[in-house]
Amino acid sequence: MKYLLLAAALWSGAALADADQDTQLCNNHNAAGAVEACTAIIEAGKVQGADLASVYLNRGIGYVRAQQLALAKRDFTQAIALAPDFSPAYIDRANADLGMTDFAGAIADLDQVEKLKPNDPAMFMLRCQARTRWGQELDRAENDCDRAVALSQTDARYTDFRSAFLYQRAMVRFHRAEYAGAVDDAGAAHTLDPNNKWALYVLGAAEHRNGDAAGGDRDMAVAESAFPGVGARLARSGITP
């Protein structure tokens, strides 16, 4: 679920100034008890406005990590109602929508983020993914991926995500039958992160489509050996040799 947690990883949550135990736990949405701590703050009724939006955002991220996406979306929506220009809440709600296959909803939220933060790599990458999984506007999906990859090169926050960004663009290019480009991107993604066996399998499938059956078979076999079932899972997304 690396993509689903992208926003949570990049937007580490909005910290409140108060140092009590509930606030500390709520700010650390990775911690056990974070959801309960945020709930206690909300129910106490002492926090308002943008600070309360931050509490809802943090609790929503906690729900995402627990795979309770409907509850997460509810909290992100509440955060947006309290702070309409709070771009992390739109990104995280788009993430929740992606997890629930509401691609149009995700794209609408990411369009809003573009108005608020026009050079945000996470926004472009998530919108690329939404369009790719939706199977519509693939030309616009590739443009989004291009922007994400380019912007991520100069933003240190995205160092650990560059392999995933290139992998996503390889997926778009594969679906657009741009197999040489898919080979380049998937190969670069795997070079950046040798543990990215998804990229290695896409590389093999693209090599097959691009005329290198032997190389494709080799790379797909290595990926399948390291991550049994990767081929079947990618086949459900239309990635086949």
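The values are calculated or read from the model by the stated rules, or taken from the named source; none is laboratory data. Note that this is a predicted model, so its numbers are computed, not measured. Because the Cβ atoms are built from the backbone with ideal geometry, glycine has one as well, and the counts that use them run over all protein chains shown. Remember, those area values only see protein heavy atoms, side chains included, never the ligands or the DNA or RNA. Shrake-Rupley method; radii C 1.70, N 1.55, O 1.52, S 1.80 Å.
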**Prompt:** Given the stretch 78-151, what helices (runs of 4 or more DSSP H) lie entirely inside it while holding 1 or more residues that are touching a Cys at 6+ places or on another chain (Cβ under 6 Å)?
**Reply:** 121-134
**Request:** Note down all Cβ pairs under 8 Å where the first residue falls in the stretch 126-137 and is over 15 Å from Tyr90 (Cβ atoms), the second is crowded, with 24+ Cβ neighbours inside 10 Å and of a type in the set (Lys, Arg), and they're at least six residues apart or on different chains.
**Result:** Cys128/Arg169; Glu137/Arg131
**Asked** Out of (1) at pLDDT 95 or above; (2) small (Gly, Ala, Ser); (3) surrounded by 18 or more Cβ atoms within 10 Å (Cβ to Cβ), the odd one out for Ala150 is which?
**Response** (3)
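Would you tally the residues in the stretch 7-54 being of a type in the set (Ser, Thr, Tyr) and at pLDDT 90 or above?
2
Output the residues belonging to the stretch 171-191 that are surrounded by fewer than 22 Cβ atoms within 10 Å (Cβ to Cβ) and under 15 Å from Cys145 (Cβ atoms).
If the condition is that a residue be surrounded by fewer than 22 Cβ atoms within 10 Å (Cβ to Cβ) and under 15 Å from Cys145 (Cβ atoms), then His175, Arg176, Glu178, Gly181, Asp184, Ala188 are the ones that fit.
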**Item:** Positions within the stretch 86-115 being surrounded by fewer than 17 Cβ atoms within 10 Å (Cβ to Cβ) and in contact with a helix residue (DSSP H, G or I) (Cβ under 6 Å, 6 or more places away or on another chain), in sequence order
**Value:** Met100
**Asked** Do you know which residues across the stretch 222-241 are surrounded by 14 or more Cβ atoms within 10 Å (Cβ to Cβ) and farther than 13 Å from His175 by Cα?
**Response** Val222, Ala223, Glu224, Phe227, Val230, Gly231
**Asked** Taking Tyr201 and the conditions (1) under 23 Å from the mean Cα position of the chain (by Cα); (2) under 16 Å from Gly231 (Cβ atoms); (3) open to solvent by 50 Å² or more (accessible area, probe 1.4 Å); (4) not acidic (Asp, Glu), which numbered condition does it fall short on, given that it satisfies the others?
**Response** (3)
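Here are some residues: Ala199, Ala177, Ala150. Which one is of a type outside the set (Asp, Glu) and on the phi > 0 side of the Ramachandran plot? Working first, answer last.
Numbers: Ala199 fails: on the phi > 0 side of the Ramachandran plot; Ala150 fails: on the phi > 0 side of the Ramachandran plot.
Step by step, each of Ala199, Ala177, Ala150 is checked, and only Ala177 is of a type outside the set (Asp, Glu) and on the phi > 0 side of the Ramachandran plot.
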**Item:** The listed residue being part of a helix (DSSP H, G or I), closer than 27 Å to Ala106 by Cβ and open to solvent by 30 Å² or more (accessible area, probe 1.4 Å), out of Arg218, Arg162
**Value:** Arg162
**Prompt:** Pairs, please: C-beta under 8 Å, at least 6 apart or cross-chain, first residue touching a residue at least 12 places away in the same chain (Cβ under 8 Å) and in the stretch 31-47, second among the aromatic types (Phe, Trp, Tyr)?
**Reply:** Val35/Tyr63; Cys38/Tyr56; Ile42/Tyr56
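Farther than 30 Å from Gly211 by Cβ, touching a Pro at 6+ places or on another chain (Cβ under 7 Å) and of a type in the set (Ser, Thr, Tyr): which single residue out of Ser152, Ser87 fits that description?
Values: Ser87 fails: touching a Pro at 6+ places or on another chain (Cβ under 7 Å).
Testing whether each residue is farther than 30 Å from Gly211 by Cβ, touching a Pro at 6+ places or on another chain (Cβ under 7 Å) and of a type in the set (Ser, Thr, Tyr) leaves just Ser152.
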